[in-house]
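Quick note: the coordinates plus some simple rules give every number you see, no bench work behind them. Predicted model only: the values in this text are computed from it and were never measured. When we count neighbours, we look across all protein chains shown, and the Cβ atoms used for this are built from the backbone with ideal geometry, even at glycine.
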Amino acid sequence: MTNFLENKMKLSKTKQAIQAIAVFTISIFSNIYFLKIKKH
């Protein structure tokens with residue numbers, strides 16, 4: 001049972017990491033896009 005809980009914790013941590021990376025990349029892309037629009 002403890003092993004199962006440990007695996008669940010690892011899964012949630014990976015999900016959080018993936019979400020953080022996704023948000024980070026989206027913000028970078030939107031910033032680049034916004035800068036390109038401002039230049040024009």
Where a ≥ b ≥ c are the square roots of the eigenvalues of the C-alpha gyration tensor, would you call the chain rounded, which needs a/c under 1.5, or, failing that, prolate if a/b is larger than b/c, or oblate?
prolate
Could you check the simple spin-label distance between Ala22 and Lys38, using points 7 Å along Cα→Cβ, in nm with one decimal?
2.8 nm
Cα-centred dipole magnitude for the chain, charges only on beta-carbon of K, R (+1) and D, E (-1), debye, nearest 20
200 debye
Separation of the Ser30 and Thr14 label points, Cα + 7 Å toward Cβ, nm
2.8 nm
So the angle from the long Cα axis of helix 2-39 to the longest Cα principal axis of the chain, reported in degrees to the nearest 10, equals 0 degrees
